[in-house]
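Asker: Got a structure here, written out as structure tokens. Questions coming.
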Amino acid sequence: MTEADFAFLRDYLKKRSGLALGPEKRYLVESRLSPVCRRFNLATLSDLVGTLRLSREGPLERAVVEAMTTNETFFFRDRAPFDLFRDVLLPRALAARAATRRLRIWSAAASTGQEPYSLAMMIHEAAAQLAGWQVEIVGTDLSTEVLEKARLGLYSHFEVQRGLPVQLLVKHFTQVGEQWRISPQLTNMVSYRPLNLLHPFEHLGQFDIVYCRNVLIYFDAPTKADVLERIAKALAPDGAVLLGAAETVIGLTEALVPDGQHRGLYRQGAVHRAAPPTRLAAGF
């Protein structure tokens, strides 16, 4: 791969996925896109670049972006954000939404579904408190391939061993050969939709809780700020956003501010609380 080819791919991926690749990531591009070349019968990465220069959006273009997207995830990843949900966010929602009995949660980088299904399990555990409530979990991701896996709810033995307590495995999964299928009760709680965070997402409506973890770290500062400001607009005035342990809003935007009491938790800044957006009906 020539320097010109690498420069083209860096720019191509930045525009389509927000992925900001430094010069040191050349090896990563070569290792992840070589299988794409074989899949589309292209002899070299230079041939791949030449095809991308000439073609419109299609299967090859989607394959390139999805190959470069990191989909590392596991059940109850980093645990703290889920403890926050159980101990802080859910009790707050039970009090604040007692009149409407509606709760909308967005997993903005759902990958293969472990994050939204972890939340679904926690909601199921609180079923007695949520009797009569309408709870909707929306999972989105750039990759249509990982969303298909999420919809299936079928995981390998290795995947269910990562972070999932054995009691929840026994309670919510059924073994199918060498894999484990999550219960329809939980899959029915989550709706999955393809979404590129660089594109508008007003059509998703308004959310009470947003999990957007471990995706902003791949963006440059202006892209991070843009995404965070649009998430703030999609948030209920008293809603909450959870970011990854290595992510923050500080120095990027005032549309979201730290909660002050809980690390990794953010709420709307004063600019958005002054003019709350119209709440859209949940599609669940």
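The values are calculated or read from the model by the stated rules, or taken from the named source; none is laboratory data. Being a predicted model, the structure only gives us computed values, none of them experimental. Every residue, glycine among them, receives a Cβ derived from its backbone with ideal geometry; neighbour counts consider all protein chains shown. All accessible areas refer to the heavy atoms of the entire protein, side chains included, with ligands and DNA or RNA removed. Shrake-Rupley method; radii C 1.70, N 1.55, O 1.52, S 1.80 Å.
Asker: Could you please state, rounded to a whole Å, how far the C-alpha centre of segment 32-79 is from the C-alpha centre of segment 177-193?
Answerer: Here the answer is 27 Å between Cα centres.
Asker: When the helix-only estimate is applied to the chain (DSSP H runs of n ≥ 4, each -39,500 (n - 2.57), divided by the residue count), what is the mean residue ellipticity at 222 nm, nearest 500 deg cm²/dmol?
Answerer: Details: 13 runs with 115 residues, N = 284.
Mean residue ellipticity at 222 nm (helix-derived): -11500 deg cm²/dmol.
Asker: Can you run phi through the Karplus equation (6.51, -1.76, 1.60; θ = phi - 60°) for segment 34-47 and list ³J(HN,Hα) in whole Hz, with x for Gly and Pro?
Answerer: Karplus values, whole Hz, x for Gly and Pro: 4, x, 5, 4, 5, 4, 9, 6, 10, 5, 9, 5, 5, 5.
Asker: How far is helix 114-125 tilted off the main Cα axis of the chain, in degrees rounded to 10, range 0 to 90?
Answerer: It works out to around 10 degrees.
Asker: Hey, if you put +1 on the Cβ of every Lys and Arg and -1 on every Asp and Glu Cβ in the chain, which of Gln167, Gly177, Ile250 ends up farthest toward the positive end of that dipole?
Answerer: So the residue we want is Gln167.
Asker: Also, quick follow-up: What is the sum of charges, Lys and Arg at +1 and Asp and Glu at -1, for the other residues whose Cβ falls under 13 Å from the Cβ of Leu186? Don't skip to the end; give the middle numbers.
Answerer: Working: positive: Arg151, Lys171, Arg181; negative: Glu115, Glu125.
Neighbourhood net charge equals +1.
Asker: While we're looking at this one, here's another question. Whole-Hz Karplus ³J(HN,Hα) for segment 176-190, in order, using 6.51 cos²θ - 1.76 cosθ + 1.60 and θ = phi - 60°, x for Gly and Pro?
Answerer: 10, x, 9, 10, 10, 9, 6, 5, x, 4, 8, 4, 6, 7, 10
Asker: So what is the accessible area of segment 79-272 per residue, in Å², with the probe set to 1.4 Å? Write out the running numbers ahead of the final one.
Answerer: On the way: 8380 Å² over 194 residues.
That works out to 43 Å² for each residue.
Asker: Right, something else. If Val64, Val257 are ordered by their accessible area, calculated over protein heavy atoms with a 1.4 Å probe, which sequence runs from highest to lowest?
Answerer: Working: Val64 0, Val257 40 Å².
Sorted descending by solvent-accessible area, the residues read Val257, Val64.
Asker: Sticking with this structure for a sec: Give, as a single signed number, the net charge of other residues whose beta carbon lies under 10 Å from the beta carbon of Leu19, with Lys and Arg counted +1 and Asp and Glu -1.
Answerer: Numbers: positive: Arg10, Lys14, Lys15, Arg16, Lys25; negative: Asp220.
Once all neighbours under 10 Å are counted, the net charge is +4.
Asker: Take the solvent-accessible surface of the protein heavy atoms, probe 1.4 Å, and return the percent of it on segment 36-126 that carbon and sulfur atoms account for. Walk me through the numbers before you get to the answer.
Answerer: Values: 2040 of 3940 Å².
The value for segment 36-126 is 52 percent carbon and sulfur by accessible area.
Asker: Please name which of Ala95, Phe219, Val146 has its Cα lying farthest along the dipole of segment 79-272 towards the positive end, using unit charges on Cβ (Lys, Arg +1; Asp, Glu -1) and the Cα centre as origin.
Answerer: It is Ala95.
Asker: Oh, and also: To test your reading of the geometry: what angle, between 0 and 90 degrees and rounded to tens, separates the Cα axis of helix 221-233 from the longest principal axis of the chain?
Answerer: The answer is roughly 30 degrees.
Asker: Further question: Quick one: helix 3-17 against the long Cα principal axis of the chain, what's the angle to the nearest 10°, folded into 0 to 90?
Answerer: Computed tilt is about 20 degrees.
Asker: Lysine pairs, Cα distance under 20 Å, 8 or more residues apart or cross-chain: how many in the chain? Display every interim value, and only then the final one.
Answerer: Details: Lys14/Lys25; Lys14/Lys224; Lys15/Lys25; Lys15/Lys224; Lys25/Lys224; Lys224/Lys233.
Number of lysine pairs found: 6.
Asker: Counting only other residues whose beta carbon sits under 13 Å from that of Leu252, what net charge do I get with K and R as +1, D and E as -1?
Answerer: Values: positive: Lys224, Arg230; negative: Asp220, Asp226, Glu229, Glu247, Glu254.
In short, -3.
Asker: In addition: Under the rule a/c < 1.5 gives rounded, and otherwise a/b versus b/c splits prolate from oblate, where does segment 150-263 land using the Cα gyration tensor?
Answerer: Numbers: a/c = 2.24, a/b = 2.00, b/c = 1.12.
Note, shape of segment 150-263 comes out prolate.
Asker: Name the long-range amide H neighbours of Ala110: under 5 Å, sequence gap of 5 or more, or other chain; modelled H, no Pro or chain starts.
Answerer: For Ala110, the qualifying residues are Thr140, Asp141.
Asker: Still on this structure, please answer the following. Can you give me the relative contact order of the chain as a percent, contacts being Cα pairs under 8 Å and 6 or more apart?
Answerer: Values: 411 pairs, mean separation 46.7, N = 284.
It rounds to 16 percent for the chain.
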